[in-house]
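> Okay, handing you the structure first.
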Amino acid sequence: SPASNMYPVVFLLQGAFLVAAVSSRPTTKLYGEITSPNYPKTYPNNNLSTWDISVPKGYRVKLSFWLFDLEPSEACRYDFVKIKANKKDLGRFCGQVDSATGNHPRDKEFLSTNNRMRLLFQSDFSNEENGIVVSYKGFLAYYQAVDLDECAPRNDVEDGPQCQHVCHNYIGGYFCSCQPGYQLQSDGYSCKVDCSNELFTETSGYLSSPGYPEPYPPNLQCNYSIRVEKGMTIILKFLQPFEIDDHQQVRCPYDQLKIHAGVKQIGEFCGRKPPGMIETNSPSVDIIFLTDESGYSQGWKISYSIERIRCPQPVANDVFTIIKDPQPLYQYQDYFIVSCKTGYNLMEGKEHLASFTSVCQHDGTWHRSMPRCESELAFLPVA
């Protein structure tokens with residue numbers, strides 16, 4: 001969890017009365033000392049003390065004992081220290097380093113999984129051994145805040161969920177990021193493919209299934225749109241690898257890649273064999289990619305480019321028509337000029353033309369139809 005402005009606080013519950021030792025002044029200390037009551041003198045009988053240790057979020061508590069000297073007993077039934085963190089018991093301890101009974105913590109370090117830990121000390125009505133009163137010093141413990149690695153794999157995290165894709169840990173906190181093709185959601189940890197309104201307006205580029213060439217996610221409804229200026233045609237080229245879930249007997253029953261050029265559907269594709277190069281003859285292309293709940297194929301990638309849309313080659317209506325400087329290819333905004341052989345007139349319907357030019361339009365058609373050439377004799381008055 002991101003670091004906050006919380007500060008270490010210790011609560012002391014002593015005897016039958018509650019004594020709260022809380023710092024009223026903000027402090028940046030990330031460590032502290034805890035001792036048994038009256039330490040280093042003998043701790044009192046019939047004592048119950050509790051310390052709730054809290055360090056800033058983004059850290060966890062590490063606690064260790066520098067001195068531990070309690071009455072030993074079987075299963076620590078009489079005097080003991082109990083440590084809890086994240087609602088789990090980390091142990092119950094008593095005795096001395098060399099005592100035959102009890103459970104001495106020795107040099108063990110105790111770590112919480114979040115930013116809190118509880119220490120409980122309890123003593124019974126006496127400290128006697130074979131009728132002789134024995135003095136026990138109690139304990140001296142130190143705690144400190146250590147970095148909590150939120151990115152470490154674990155199942156008992158209390159402070160928020162883990163990153164869905166990539167986790168980046170830093171001292172006092174962490175942040176999440178997503179794999180290519182995914183977007184980090186407002187919760188800061190979950191990732192989702194947002195491919196519902198992908199718009200491409202450059203004259204060339206690439207588009208692909210989410211995560212390509214890694215397997216695409218299940219349950220996708222992707223829509224990619226390519227829009228360029230009128231008079232241009234979009235050319236699609238599929239790259240390898242190409243893999244979309246398929247079935248041997250039924251065409252594209254699971255996942256489908258559908259391509260539309262304007263109002264015309266180019267095709268529906270799946271399997272492992274990519275389509276050849278597709279010249280759409282349109283400045284507007286929509287690619288729809290739908291997947292079912294399984295979706296474990298590598299997906300697809302398309303390289304697109306544009307060129308001026310083509311018009312059909314002009315063809316003369318008769319042998320008397322002359323197309324000036326004919327070109328092997330006519331594209332958007334190109335034009336051709338027509339004249340007639342000597343002794344013939346240019347005619348468009350019943351209209352006599354002095355000249356004729358036709359321009360290739362953005363939809364791949366000529367703006368004027370080819371004229372015809374008629375003999376001048378046809379226009380001589382009849383005697």
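The values are calculated or read from the model by the stated rules, or taken from the named source; none is laboratory data. Quick caveat, the model's predicted, so the values are computed rather than measured. Cβ atoms come from the backbone with ideal geometry, glycine included; neighbour counts cover every protein chain shown.
> Going through the range 260-278 one residue at a time, which ones are surrounded by 15 or more Cβ atoms within 10 Å (Cβ to Cβ) and over 21 Å from Pro215 (Cα atoms)?
Initially, the range 260-278 is screened for residues surrounded by 15 or more Cβ atoms within 10 Å (Cβ to Cβ), giving 260-261, 266, 269-271, 274-275, 278.
His260, Ala261, Ile266, Ile278 - these are the residues of the range 260-278 that are surrounded by 15 or more Cβ atoms within 10 Å (Cβ to Cβ) and over 21 Å from Pro215 (Cα atoms).
Listed here are the residues, each with its yes/no results for (1) assigned to a strand (DSSP E or B); (2) loosely packed, with under 14 Cβ neighbours inside 10 Å; (3) in contact with a Gly (Cβ under 7 Å, 6 or more places away or on another chain); (4) modelled with pLDDT under 95.
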site	(1), (2), (3), (4)
Gln248	no, yes, no, yes
Arg251	no, yes, no, yes
Tyr254	no, no, no, yes
Gly295	no, no, no, yes
Ile306	yes, no, no, no
Pro314	no, no, no, no
Ile322	yes, no, no, no
Met347	yes, no, no, yes
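> Tally up the residues in the range 221-245 that are over 30 Å from Gly364 (Cβ atoms) and either in contact with an Asp or Glu (Cβ under 8 Å, 6 or more places away or on another chain) or among the hydroxyl-bearing types (Ser, Thr, Tyr) (or both), please.
Number satisfying all stated conditions: 2.
> Could you tell me whether Tyr136 is part of a loop (DSSP other than H, G, I, E, B), modelled with pLDDT of 90 or more, of a type outside the set (A, V, I, L, M) and assigned by the TED database to the domain that holds Asn38?
yes
> Separate question: What are the residue pairs meeting all of these: first residue in the range 323-335, first residue assigned by the TED database to the domain that holds Arg372 and closer than 21 Å to Arg372 by Cα, second residue part of a loop (DSSP other than H, G, I, E, B) and not small (Gly, Ala, Ser), Cβ atoms under 6 Å, and 6 or more apart or on different chains?
So the pair list comes out as Ile323/Pro314.
Let's see how each residue does on (1) under 20 Å from Thr113 (Cα atoms); (2) among the small types (Gly, Ala, Ser); (3) not assigned by the TED database to the domain that holds Pro56:
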{"residue": "His168", "(1), (2), (3)": "yes, no, yes"}
{"residue": "Tyr174", "(1), (2), (3)": "yes, no, yes"}
{"residue": "Cys178", "(1), (2), (3)": "no, no, yes"}
{"residue": "Gly188", "(1), (2), (3)": "no, yes, yes"}
{"residue": "Thr203", "(1), (2), (3)": "no, no, yes"}
{"residue": "Tyr206", "(1), (2), (3)": "no, no, yes"}
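> Before we move on, is Pro210 surrounded by 12 or more Cβ atoms within 10 Å (Cβ to Cβ), part of a loop (DSSP other than H, G, I, E, B), touching a His at 6+ places or on another chain (Cβ under 6 Å) and assigned by the TED database to the domain that holds Gly267?
Taking the combined requirement at face value, the residue does not satisfy it.
> Another question about this same structure. Just to be sure I understand, how many residues within the range 229-273 are within 29 Å of the chain's Cα centre (by Cα) and not polar (S, T, N, Q)?
Taking the range 229-273 first, the residues within 29 Å of the chain's Cα centre (by Cα) are 236-246, 252-260, 268-272.
Imposing the further condition that a residue be not polar (S, T, N, Q) reduces the set to 236-239, 241-246, 252-255, 257-260, 268-272.
Looking only at that region, the number is 23.
> On the basis of being over 27 Å from Pro40 (Cβ atoms), touching a strand residue (DSSP E or B) at 6+ places or on another chain (Cβ under 8 Å) and of a type outside the set (Asp, Glu), does Cys94 make the cut? Lay out the reasoning, then the answer.
On the way: over 27 Å from Pro40 (Cβ atoms): no; touching a strand residue (DSSP E or B) at 6+ places or on another chain (Cβ under 8 Å): yes; of a type outside the set (Asp, Glu): yes.
Spelling it out, it is not the case that Cys94 is over 27 Å from Pro40 (Cβ atoms), touching a strand residue (DSSP E or B) at 6+ places or on another chain (Cβ under 8 Å) and of a type outside the set (Asp, Glu).
> Go through (1) within 16 Å of Thr35 (Cα to Cα); (2) outside any strand (DSSP E or B) one by one and return the number of the condition Cys151 breaks.
(1)
> Also, quick follow-up: Before we move on, is Ile288 at pLDDT 95 or above, assigned by the TED database to the domain that holds Asp245 and on the phi < 0 side of the Ramachandran plot?
Judged against the criteria, Ile288 is a match.
> Separate question: Please specify each residue of the range 59-111 satisfying the condition of being assigned to a strand (DSSP E or B), hydroxyl-bearing (Ser, Thr, Tyr) and surrounded by fewer than 22 Cβ atoms within 10 Å (Cβ to Cβ).
Ser64
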